[in-house]
Structure formats: structure tokens, C-alpha cells
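Below is one structure, written out as C-alpha cells; the observations come after it.
The values are calculated or read from the model by the stated rules, or taken from the named source; none is laboratory data. Only a predicted model underlies this, so the values are computations on that prediction, with no experimental measurement involved. Neighbour counts run over all protein chains shown; Cβ positions are idealised from the backbone, glycine included. Remember, those area values only see protein heavy atoms, side chains included, never the ligands or the DNA or RNA. Shrake-Rupley method; radii C 1.70, N 1.55, O 1.52, S 1.80 Å.
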Amino acid sequence: MIEKYTEKMQKSVESLEREYNAIRAGRANPHVLDRIKVDYYGTPTPLQQVGNITVPEPRILCIQPWEVSLLKTIEKAIHQSDIGINPTNDGKVIRLVFPELTEEHRKELVKDVKKKAETAKVAIRNIRRDANEFLKKANKNGEMTEDELKTEQNKVQKETDKYIKTVDDAMDKKSQEILTV
């Protein structure tokens with residue numbers, strides 16, 4: 001009965017994890033390129049589908065396109081994105097060098113991480129509210145007894161607590177990753 005609400009909570013956590021993957025933490029992480037689309041013969045195509053992305057060193061990403069003709073297009077897409085790193089192109093490979101983060105910038109990133117976590121928690125709590133309203137309506141319509149209502153509400157609360165803890169754990173992990181020099 002509450003499965004669809006549990007699924008929504010899971011999707012909120014997955015969305016948060018995708019957002020966290022896009023935050024660059026001073027180390028080269030191929031996931032910062034996840035949202036970049038390249039104009040591939042008139043079709044916006046994810047960068048990962050037009051080339052090979054490698055991490056040869058902790059702070060360098062290399063993008064080797066399947067077709068050399070795509071170098072300029074990929075470079076343009078990276079410039080237009082919000083990752084804030086200038087690509088260098090040697091005619092075969094595009095390199096992205098991630099600068100070392102300042103202490104101040106790290107703290108700003110941690111604030112952003114916490115803000116995103118709080119947004120995810122609010123979404124999960126809203127899903128809990130919707131589930132409880134659904135259960136109360138079912139009880140009012142005679143579809144379930146008071147005892148069943150209490151049992152289902154307890155299940156909803158347990159799921160909510162589980163996903164809130166998952167969000168907190170993800171936030172702590174990302175914060176540690178950012179603050180580690």
C-alpha cells in the first residue's frame with residue numbers, strides 16, 4: 001500500500017546523489033561531466049557517449065573523442081557548462097585540470113551540500129505527509145481499520161527515518177570528501 005511512497009523517497013535520495021556527483025571536490029571526478037551534452041550531428045548527446053573519459057592523475061580528466069572532428073564541439077560544450085574549468089586541447093585529447101580548492105571555497109561547497117541534503121529531507125517528509133493523508137483517507141472510507149492505519153503509519157515513519165538517515169550519511173560522506181585536502 002505504501003510502496004509507491006517508498007519508491008518516491010528512494011528517487012529523492014537518488015536525485016541527491018546525482019547532484020552530489022556533479023559537485024567537484026578538488027579531485028577529478030568524471031561525474032562532473034554527466035550533465036554536459038555535446039551537439040553530435042544535430043543531436044544533443046551526453047559527453048560520455050561521444051568519447052572516452054579517463055582520470056590519469058588525481059586532478060586531471062582526459063576526454064578522448066571517438067571522432068577527432070568532435071574536439072571543438074566538446075570543448076565548446078564544456079565552456080558553456082557550469083563546471084568552471086577551462087579545457088585544453090592538444091589535437092587528440094581534451095584535458096581538464098581541476099584547481100586545488102581554497103579553504104573558503106571548500107566551506108562554501110559544504111554549505112551547498114548541506115542545503116541540498118535539507119532539500120532532499122524536506123521532499124522525503126512531504127512524501128511521508130502524502131502517504132499519511134492517503135492512509136487516513138482509506139481509513140475514513142472504511143478501507144482499513146484503526147489498527148491497520150496505525151501499523152501502516154508506523155511503516156511510513158520507519159521508511160522516512162531510513163531515508164532521512166541515508167541522506168544524512170550521504171551528506172556527511174560528501175562533506176568529508178570536500179574537506180579532505
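Contact annotation: residue pairs with Cβ atoms under 9 Å, 6 or more positions apart or on different chains, pairing a residue in segment 34-51 that is touching a residue at least 12 places away in the same chain (Cβ under 8 Å) and over 11 Å from Thr73 (Cα atoms) with a partner that is part of a strand (DSSP E or B) and open to solvent by 70 Å² or more (accessible area, probe 1.4 Å), are Pro46/Lys37; Gly51/Gln64. For residues in segment 40-55 being closer than 20 Å to Val97 by Cα and assigned to a strand (DSSP E or B), which is least open to solvent (accessible area, probe 1.4 Å)? Per the stated criteria, the residue is Gly51. Contact annotation: residue pairs with Cβ atoms under 6 Å, 6 or more positions apart or on different chains, pairing a residue in segment 161-181 that is closer than 12 Å to Lys121 by Cα with a partner that is open to solvent by less than 70 Å² (accessible area, probe 1.4 Å) and of a type in the set (D, E, K, R), are Ile164/Lys121; Val167/Lys121. Within segment 84-100, the residues that satisfy the criterion of being within 19 Å of Ala22 (Cα to Cα) and open to solvent by 20 Å² or more (accessible area, probe 1.4 Å) are Gly84, Asn86, Arg95, Val97, Pro99, Glu100.
For every residue, the table says whether it meets (1) of a type in the set (Lys, Arg); (2) modelled with pLDDT under 85; (3) surrounded by fewer than 18 Cβ atoms within 10 Å (Cβ to Cβ).
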{"site": "Glu57", "(1), (2), (3)": "no, yes, yes"}
{"site": "Ile63", "(1), (2), (3)": "no, no, no"}
{"site": "Asp82", "(1), (2), (3)": "no, yes, yes"}
{"site": "Glu108", "(1), (2), (3)": "no, no, yes"}
{"site": "Lys114", "(1), (2), (3)": "yes, no, yes"}
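Checked across segment 132-151, the condition of being farther than 30 Å from Glu108 by Cβ, outside any helix (DSSP H, G or I) and of a type in the set (Ser, Thr, Tyr) holds for at least one residue.
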